[in-house]
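Everything below concerns the one structure shown next.
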Amino acid sequence: MKTKKIRNRNLNPAQVLVLGFLSVILIGTFLLNLPIASNSGRSIGFVNALFTSTSAVCVTGLVVVDTGTFWTTFGKVVILLLIQIGGLGFMTMATSIALIVGKRISLKSRMIMQEALNQFTISGVVRLTKYIIYATFLIEGVGAFFLSLKFIPIYGLKKGLFFSVFHAISAFCNAGFDIIGNGKSLTPFVGDGIINITIMTLIIVGGLGFTVVIDMIKTRNFKRLSLHSKFVIFLTLILLSTGFILVFILEFNNPLTLGNLPLKDKILAALFHSVTPRTAGFNTLDMGSLKVPTQFLTIVFMFIGGSPSSTAGGIKTTTFGLVILHVISVIMGKDDTEIFKRRISREAINRALAILSIGISVIILITMILTITETSLSFLDLFFETVSALGTVGLTLGITAKLSIFGKLAIAATMFFGRLGPLTIVIALARRKQNGKKGLIRYPEGKIIVG
């Protein structure tokens, strides 16, 4: 027992997060593998249960069976709970339970929460966790209310309420799971303003990051927001507007997507598709019918993802933004990378470059493996699926259920990698730094030609 305690103390925050998420995934796998979880009364099988549990905890939305028709109410509730835990993070949920029962939050737990929430210091992380819980349930509740205005008249009171709550949580957590049935996602509601606007709002707010949302609630003034919040909002507006314009232009005359829709619905559908690749996974347009340029654009947006401290995945908007700014500063011959009259630290730039490099490396590796194991599927389909998994998006060109057992395990591992974040996984796997030895030895500078 003593040895076990010492080992637990030696785990760094990144390792605790990895093991925590793994534990939740395995519990979800066990529950979803039970016969009572499926309408057929038969076990779905370990690999498929593991894939679904990973997709839910990692708030991705890729599925090997239709969520709306395959699972019983028990199975759907399990998936919903896994989405909520995965979206908030298991440490946030654990801390909330500890606060409810009056348990003191240890320094070690605060350090893990700091890592999980991407905070600069441990100061105020417990208070931030409280705000996150309150804000989450409030936003999801408001979203469920607006969705119920449409779902209750269609499905009845009991089913309509469940649909509203399920999709509100799934949207805010950027999970992309739907229970409409038959793999339709939200395509039956392509022209419905209330459902589209509600889902888009939940996705955007969930993808901004808890830090930004709470900062906005507190200050209510853009000029008084923190530099991080300003940068996130600026990048989000740029990405959403760029995505909307390009999708609208590219798909305007496509008879299989926007072509036959009235102008109002074209605008709504194009806007929705600019939002959903930000790791949400819902779709109102048939993904397989999109033009190749639009599919590639979707891949780019899925790779970028949402913002830090959010329910979203991807390399994150700030990572993308910092890399672009750094490239611009190099081209212009500047020593510093600047935004909003502030200089960005070299540490932040290096972190962004590391995340970008690791993300690209993982995509190359997994895509190459899938091209070897899934020979019957096209490169674009596999590339799209891989980026969707790493970005924890959940959009697919319809190949998820066709993957081999090895392919499913590879995509499940990619979803896990994407949810925890490339750098968190690498830090968790890397050897711990030797105390006091950092920077004692510095080698002479060498020169390498670049470019």
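The values are calculated or read from the model by the stated rules, or taken from the named source; none is laboratory data. Small disclaimer: the values here were computed from a predicted structure and weren't measured. Ideal geometry is used to build each Cβ from the backbone, glycine not excepted, and the neighbour counts take in all protein chains shown. Ligands, DNA and RNA are stripped out before the accessible areas are found, and what is left, the full protein with its side chains, is counted by its heavy atoms. Shrake-Rupley method; radii C 1.70, N 1.55, O 1.52, S 1.80 Å.
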For Phe272, state whether it is modelled with pLDDT of 90 or more and either open to solvent by less than 40 Å² (accessible area, probe 1.4 Å) or within 23 Å of the chain's Cα centre (by Cα) (or both). yes
Filtering segment 158-199 down to residues that are open to solvent by 20 Å² or more (accessible area, probe 1.4 Å) and at positive phi yields Asn182, Gly183
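Return the residues of segment 235-279 that are among the aromatic types (Phe, Trp, Tyr) and under 22 Å from Gly313 (Cβ atoms); say none if nothing qualifies. Talk me through it step by step, then tell me what you get.
Step one: of segment 235-279, the residues among the aromatic types (Phe, Trp, Tyr) are 244, 248, 252, 272.
Result: Phe244, Phe272.
Being farther than 19 Å from Gly421 by Cα and not hydroxyl-bearing (Ser, Thr, Tyr) is the filter here, so list the residues in segment 351-382 that pass it.
Met368, Ile369, Leu370, Ile372, Glu374, Leu377, Phe379, Leu380, Asp381, Leu382
Any idea which of Ile122, Ile132, Ile112, Ile105 is among the β-branched types (Val, Ile, Thr), modelled with pLDDT under 90, assigned to a loop (DSSP other than H, G, I, E, B) and open to solvent by less than 20 Å² (accessible area, probe 1.4 Å)?
Numbers: Ile122 fails: open to solvent by less than 20 Å² (accessible area, probe 1.4 Å); Ile132 fails: assigned to a loop (DSSP other than H, G, I, E, B); Ile112 fails: assigned to a loop (DSSP other than H, G, I, E, B).
Within the list Ile122, Ile132, Ile112, Ile105, the selection yields Ile105.
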Which ones in segment 41-55 are in contact (Cβ under 8 Å) with a residue 24 or more places away in the chain and open to solvent by 10 Å² or more (accessible area, probe 1.4 Å)? Ile44, Val47, Asn48, Leu50
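Do you know which residues across segment 284-343 are of a type in the set (Asp, Glu) and open to solvent by less than 10 Å² (accessible area, probe 1.4 Å)? Spell out the reasoning first.
Looking only at segment 284-343, we keep the residues that are of a type in the set (Asp, Glu), and these are 286, 335-336, 338.
Result: no residue meets the conditions.
Restricting to segment 56-72, and then to whatever is of a type in the set (S, T, N, Q) and touching a residue at least 40 places away in the same chain (Cβ under 8 Å), can you tell me which residue is farthest from Ala413 (Cα to Cα)?
Within segment 56-72, the first condition is being of a type in the set (S, T, N, Q), and the residues that meet it are 60, 67, 69, 72.
Remaining after also requiring touching a residue at least 40 places away in the same chain (Cβ under 8 Å): 60, 67, 69.
Details: Thr60: 12, Thr67: 21, Thr69: 26 Å.
Out of the qualifying residues, it is Thr69.
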Taking the residues in segment 386-402 that are among the polar types (S, T, N, Q) and open to solvent by less than 30 Å² (accessible area, probe 1.4 Å) as candidates, determine which candidate is nearest to the chain's Cα centre (by Cα). Thr392
What's the number of the only condition in (1) within 28 Å of Ile25 (Cα to Cα); (2) at pLDDT below 90; (3) among the small types (Gly, Ala, Ser) that Gly407 fails to meet? (2)
In segment 255-269, anything surrounded by 13 or more Cβ atoms within 10 Å (Cβ to Cβ) and either free of Cβ contacts under 8 Å to residues at least 40 places away in the same chain or part of a helix (DSSP H, G or I) (or both) is listed as Leu256, Thr257, Leu258, Asp265, Lys266, Ile267, Leu268, Ala269
Test Val300 against the criterion of being in contact (Cβ under 8 Å) with a residue 40 or more places away in the chain and over 10 Å from the mean Cα position of the chain (by Cα), and give yes or no. no
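Can we say Ile355 is within 22 Å of the chain's Cα centre (by Cα) and open to solvent by less than 30 Å² (accessible area, probe 1.4 Å)?
Details: within 22 Å of the chain's Cα centre (by Cα): yes; open to solvent by less than 30 Å² (accessible area, probe 1.4 Å): yes.
Answer is yes for this residue.
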Every listed condition ((1) open to solvent by 50 Å² or more (accessible area, probe 1.4 Å); (2) at pLDDT 90 or above; (3) out of contact with any Pro (no Cβ under 7 Å at 6 or more places or on another chain); (4) over 24 Å from Val63 (Cα atoms)) holds for Ile217 save (2)
